[in-house]
Amino acid sequence: MTKKENEVKEKEKAEKHENKHSSKKTESKEIKKLKEKIKELEAERDELKESLLRKVAEFENYKRRTENDQVNLIKYAAEPFIVSVLQVYDDLERSIKHAEESDDINSLREGLKLVFNKFTKILEEQGVEKIKAKGEPFDFNLHEALMQQPAEGVAPHTVLEEIEPGYKYKDKVIRHSKVIVSQEVAETNNEDVNDNDDKGND
């Protein structure tokens, strides 16, 4: 082998070694980059996981608060109405004390009227309305007929008397009016009347 051939071979060998070393260096850099990327992704994952756990905990707390609020809302729903009624209750108590201490019937009557009017106003503010009954056409949606009776000069199925008042709460009937209703009056047969008159004349 000539000197020149040896030199070429040595050069090729050196180039191969250098390429191999360079390739390893490149691979090492790529691995380092990948490892750094993995660390970044793991950190991002941990952060998202922690954020998700916080959100779940916040949602559970919100859900618990909402459920408690709903329970309290239902539990104390009548509170405003009761506060209003307590005023009437106090007035009634004062009226009773006044009645025990005084013989003035007129004063007691006026006091009770005031209490009644106050209570009526409170009910109306809450959407409670008394159902009209006497003189109205019978309506099974509003009235409950306890009995029927004939009544001259009154159209059939008209409310004659109200035994117990009925009430509506907003658009719902919460108690039907208990009433007496007029029934159709049987018409007297003209021929029978004439026959009876003829018999009477005989």
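Laboratory data are not the source of any read-out in this text; all were calculated from the coordinates shown. Predicted model, so just to flag it, every value in this text is computed and none were measured. Reconstructed Cβ throughout: ideal geometry from the backbone, glycine too, with neighbour counts over all protein chains shown.
Pairs under 8 Å by beta carbon, first residue free of Cβ contacts under 8 Å to residues at least 24 places away in the same chain in the range 110-135, partner polar (S, T, N, Q), six or more apart or different chains?
GLY111/SER95; LEU112/SER95
Looking at the range 57-66, can you tell me whether even one residue there is in contact with a His (Cβ under 7 Å, 6 or more places away or on another chain) and assigned to a helix (DSSP H, G or I)?
Checked the range 57-66: no residue is in contact with a His (Cβ under 7 Å, 6 or more places away or on another chain) and assigned to a helix (DSSP H, G or I).
Give the residues of the range 97-108 that are surrounded by 13 or more Cβ atoms within 10 Å (Cβ to Cβ) and of a type outside the set (Ser, Thr, Tyr), sorted by residue number.
HIS98, ALA99, LEU108
Kindly indicate whether ILE82 is more than 21 Å from the chain's Cα centre (by Cα), under 26 Å from ILE122 (Cα atoms) and surrounded by 10 or more Cβ atoms within 10 Å (Cβ to Cβ).
No: the conditions fail for ILE82.
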